[in-house]
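Undergrad: One structure is given below, represented as structure tokens, and several questions about it will come after.
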Amino acid sequence: QVQLVESGGGLVQAGGSLRLSCAASGGTFAGYTVGWFRQAPGKEREFVAALGWSNGNRYYTDSVKGRFTLSRDNAKNAVYLQMNSLKPEDTAVYYCAVRSKGFYMDYYVSDFASWGQGTQVTVSS
């Protein structure tokens with residue numbers, strides 16, 4: 001199974017930007033959907049965005065649509081989440097994960113098999 005490492009988190013003021021990275025080792029993203037999730041203290045892990053590696057399709061949850069953008073680098077076997085116009089409610093630990101090919105109703109946490117360690121994003125007012 002592919003192993004994932006997130007990086008790029010940090011502390012920014014509201015309205016600022018960060019770019020998160022998700023690098024794969026021990027395999028590639030080929031054939032997978034790569035998802036980004038986040039979890040704030042006391043809350044359940046929630047879906048943020050996803051990229052289908054094979055077809056390049058991208059999907060964003062409503063709360064980040066227009067502010068966050070997914071991209072990929074085939075040579076580096078990495079996926080990036082560019083986060084602009086950050087808000088305090090974006091504060092959370094951000095995780096990347098992979099989901100195998102199949103039919104799914106939505107981007108559920110339980111459908112993603114491999115997870116990174118997470119990277120902290122803190123947005124101050």
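Undergrad: In region 1-35, how many are aliphatic (A, V, I, L, M) and over 10 Å from CYS96 (Cβ atoms)?
TA: Adding up the residues that qualify gives 6.
Undergrad: Next question. Being out of contact with any Leu (no Cβ under 7 Å at 6 or more places or on another chain) and not acidic (Asp, Glu): is that true of GLY116 here?
TA: no
Undergrad: Could you please find all residues in region 8-41 being open to solvent by less than 60 Å² (accessible area, probe 1.4 Å), part of a strand (DSSP E or B) and farther than 24 Å from ASP111 by Cβ?
TA: Passing the criteria: GLY10, VAL12, LEU18.
Undergrad: Further question: Among the numbered conditions (1) open to solvent by 30 Å² or more (accessible area, probe 1.4 Å); (2) in contact with a strand residue (DSSP E or B) (Cβ under 7 Å, 6 or more places away or on another chain); (3) among the hydroxyl-bearing types (Ser, Thr, Tyr), tell me where SER114 comes up short.
TA: Of (1) open to solvent by 30 Å² or more (accessible area, probe 1.4 Å); (2) in contact with a strand residue (DSSP E or B) (Cβ under 7 Å, 6 or more places away or on another chain); (3) among the hydroxyl-bearing types (Ser, Thr, Tyr), only one is false for SER114: (1).
Undergrad: Scan region 42-60 for residues that are charged (D, E, K, R) and surrounded by 12 or more Cβ atoms within 10 Å (Cβ to Cβ) and jot them down.
TA: ARG45, GLU46, ARG58
Undergrad: Report every pair of residues separated by at least 6 positions or lying on different chains whose Cβ atoms are under 7 Å apart, first residue within region 109-125 and at pLDDT 95 or above, second in a helix (DSSP H, G or I) and surrounded by 15 or more Cβ atoms within 10 Å (Cβ to Cβ).
TA: VAL121/ASP90; VAL123/ASP90
Undergrad: Sort through SER125, SER71 and tell me the only one that's among the hydroxyl-bearing types (Ser, Thr, Tyr), over 16 Å from VAL2 (Cα atoms) and open to solvent by 60 Å² or more (accessible area, probe 1.4 Å).
TA: SER125
The values are calculated or read from the model by the stated rules, or taken from the named source; none is laboratory data. Keep in mind that what you see is a predicted model, and the values were worked out from it rather than measured. Heads up, the Cβs are rebuilt from the backbone with ideal geometry, glycines too, and the neighbour counts pull from every protein chain shown. Just the protein is used for accessible areas: all its heavy atoms, side chains included, with ligands, DNA and RNA removed. Shrake-Rupley method; radii C 1.70, N 1.55, O 1.52, S 1.80 Å.
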